[in-house]
Structure formats: C-alpha cells, structure tokens
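Participant: Before I ask anything, let me first share the structure, which is written out below as structure tokens.
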Amino acid sequence: MLLKRITYGKLNSKQKENYNFAKVASALADYGYNSIKLNDDYKGADFIALHINGKDSLMIQLKGRWTIDKKYLGKNLYIAYINHAKDEVWIYNHDDVVKKCKKFVDYTKSDSWIKFGGYSNKHPEKLIPLMTKL
C-alpha cells in the first residue's frame, strides 16, 4: 500500500479539485453532512451536501481561494475553499458575503468586480466573521 503524503502544489488542476472536494466533504461530515459530487455544475454547484436531519441541504461551489462572482448571485450557493497555508476549510453563503462586501469592504468597487464580474483573495482576514471555519 502506498501511503506517502502528496504535495498539493504538484497536483494538476483536476487532482486539486478532487483533493479539495475530499477535504471539504470530510470537514462537512463532522457536522452531519453527506456530500455528493456532481459531474456537471448544477445551478453553479459543484456538489450538494445533505444533512442527516433530512431537511437541510447546501449547494456548494468549490473554489481554490475566497471568491465572489456575479454569476453566482441569486443561486442560493455556498462557497467552500481551503486556506492551504493553515490547512483550514472555510464555507460561506455567497450572496450574504457580497451584501456585506458592499457595506464594509471595497471588493465590489474593485476593477475586477466591475469589469469582469468577480473578485478573489487568498484569505480575506476582514471577512472572517462572515465565514465559518469547519
């Protein structure tokens, strides 16, 4: 059996996506969620997490870093990403964070947001209160 730790930075993009899904799904399992990876994005979601209570579900877009994007607005999506520097999994409601950004930080006033419809950051310390660390 091969049990040698891998180096995330040496993975190709598909391998990184699979790795990130496994890490986020594992973190969500600790909170009672079973994650189902989708072959095709469904309304912007890469996967769906279903809670064991049979009522709650999350549609999740998996990202390599903290992200807001106009194409995700109004889709009831959560964004999940891993802060690899600290090996932390973070999740947030996309639209709630965009609303807060409009009030408290200037990300939605950036050229990136205005011209291209999106903004990303490695790990915005200002927004930690709006996100959940799993």
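Participant: Could you state the angle between the C-alpha long axis of helix 94-104 and the longest principal axis of the C-alpha atoms of the chain, as a value from 0 to 90 degrees rounded to the nearest 10?
Facilitator: 40
Participant: Roughly how many debye, to the nearest 20, is the charge dipole of the range 61-134 about its Cα centre, given +1 on each Lys and Arg Cβ, -1 on each Asp and Glu Cβ, and no other charges?
Facilitator: My answer is approximately 200 debye.
Participant: About the Cα centre, and with charges only on the beta carbon of Lys, Arg (+1) and Asp, Glu (-1), how big is the dipole of the chain? Nearest 20 debye, please.
Facilitator: Dipole size: approximately 320 debye.
Participant: Rule-of-thumb check for the range 24-90: C-alpha Rg over 2.2 N^0.38 Å?
Facilitator: This ratio for the range 24-90 stands at 1.10.
Participant: Relative to the longest principal axis of the C-alpha atoms of the chain, give the angle of the C-alpha long axis of helix 13-29, reported between 0 and 90° and rounded to the nearest 10°.
Facilitator: Value to nearest ten degrees: 90.
Participant: Would you please name the chymotrypsin sites (Phe, Trp or Tyr not before Pro) within the range 1-90 that are DSSP coil residues with at most 13 other C-beta atoms within 10 Å of their C-beta?
Facilitator: TYR31
Participant: Towards the positive end of the charge dipole of the range 1-79, with charges on Cβ (+1 Lys, Arg; -1 Asp, Glu), say which of LEU11, ILE60, ALA22 has the farthest Cα.
Facilitator: LEU11
Participant: Kirkwood hydrodynamic radius of the range 49-134 from all distinct Cα pairs, in Å? Spell out each step's value before the answer.
Facilitator: Details: mean 1/r = 0.0744 Å⁻¹.
The Cα-based Kirkwood calculation yields 13.4 Å.
Every number in this text was worked out from the coordinates using simple rules, so none of it is lab data. Predicted model only: the values in this text are computed from it and were never measured. Neighbour counts are summed over all protein chains in view; Cβ atoms, including those assigned to glycine, are modelled from backbone coordinates with ideal geometry.
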